[in-house]
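Here the structure comes first, spelled out in structure tokens, and everything after it is commentary.
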Amino acid sequence: RAIECVNKHLSDPDFDQPQFIDEMGTSKSTLYKKLKSLTGLNTSAFIRNIRLKAACQIMEEKHSIRISELAYAVGFNDPKYFSACFKKEFGMLPSEYIERFVPDNTNYHEKTHAEHHAFIICRLGLRKPARLRLCERIYHG
């Protein structure tokens, strides 16, 4: 339900924590505790995370989208801030993501084994301890 709520307001840069709390029909502390226990993220980080994952999906659907257009489409007012958040979350700039993982891009190349695992980790949005466990399972079955 929380993901649907954020997605409903995806392109709205004014959709923020207070509006999210109102739409979820709960208190600030209750929403924080639920999100933190389920995702490990606070309310603002959760909204940002959903927006960034939506950006990945949009890049895969609209292969030639400009980064500025993408930033506005997922509710960021500043494309530079969007790129910085994207890099912090996924370890690569949006332009690098397009080059590596969007098949219709002219710079796309066959994924190497390591790149494929980085892609899986990126798309799942896992934090560092979870990344290590995931890599262990992938490499060692």
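Coordinate-derived values only; no laboratory data. Given the structure is predicted, the values throughout are model-derived calculations rather than measurements. Neighbour counts run over all protein chains shown; Cβ positions are idealised from the backbone, glycine included.
With the simple model of a label 7 Å out from the Cα in the direction of the Cβ, Asn77 to Thr26 spans 2.8 nm.
By definition, a body whose alpha carbon gyration tensor gives a ≥ b ≥ c is prolate when a/c is 1.5 or more and a/b is larger than b/c, and segment 2-102 fits this prolate description. Which residues in segment 1-18 place their backbone N less than 12 Å from a point set 7 Å from the Cα of Gln57 along the Cα-to-Cβ direction? Only 3-11 fall inside the zone, counting backbone N under 12 Å. A Cα-only calculation for segment 1-58 places Rg and Dmax at 10.7, 32 Å. The slack in the chain from Ser11 to Lys88, taken as 0.36 nm per residue of separation less the alpha-carbon distance, amounts to 25.7 nm.
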